[in-house]
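Here is the structure we will look at, set down as structure tokens.
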Amino acid sequence: QVQLVQSGGGLVQAGGSLRLSCAASGRTFSRYAMAWFRQAPGKERDFVAAISWIGHNTHYSDSVKGRFTISEEKAKNTMYLQMNSLKPEDTAMYYCALRDDSYYYTTPDEYDFWGQGTQVTVSS
């Protein structure tokens with residue numbers, strides 16, 4: 001059984017920074033892709049960023065490119081999302097996800113395992 005446990009998030013003023021963490025446990029994957037999604041109230045779950053084990057390729061949505069950085073620390077089985085220059089429109093519940101395959105996708109249906117979610121609120 002795979003578990004993804006999230007931490008981080010909270011309330012920050014516009015222009016500030018936060019870091020989210022997602023720790024994986026329960027199984028070792030020979031290849032994988034991990035991603036962050038976010039969901040605001042009444043809206044769909046949107047892709048934010050992804051990282052693939054192959055060459056540590058990363059991909060970002062246009063809305064966060066240049067402000068957010070996705071990374072991983074293999075020794076700790078943990079993925080991070082560093083969020084800088086936060087804007088009120090970044091306010092949402094953030095979820096980490098893992099896909100048991102080498103290629104990342106930007107649609108949530110392609111992911112096999114999910115974290116519990118963590119709230120990020122950016123005040124203006």
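Computed from the coordinates by the stated procedures, all read-outs in this text should not be read as laboratory data. Computed from a predicted structure; not experimentally measured. With ideal geometry, Cβ positions are generated from the backbone for all residues, glycine too; neighbour counts draw on all protein chains shown.
Note on the chain: GNM, Cα springs under 10 Å; of R38, R19, R27, the largest mean-square fluctuation is that of R27. Residues considered: T107, T69, T91. Largest GNM mean-square fluctuation over the chain, using C-alpha springs under 10 Å, is found at T107.
Separation of region 92-124 from region 1-63 is 5 Å, based on Cα centroids.
The simple spin-label model puts a point 7 Å past each Cα toward its Cβ; for A14 and N84 those points are separated by 2.0 nm. Computed over the chain, relative contact order equals 36 percent, with contacts defined as Cα pairs under 8 Å that lie 6+ residues apart. Build a GNM of the chain with springs between Cα atoms under 10 Å apart, and of S30, S17, S52 the one that fluctuates most is S30.
Of all DSSP-defined beta bridges confined to the chain, some 90% are antiparallel rather than parallel.
Within the shell of other residues whose beta carbon sits under 13 angstrom from the beta carbon of Q13, the net charge comes to 0, with Lys and Arg scored +1 and Asp and Glu -1.
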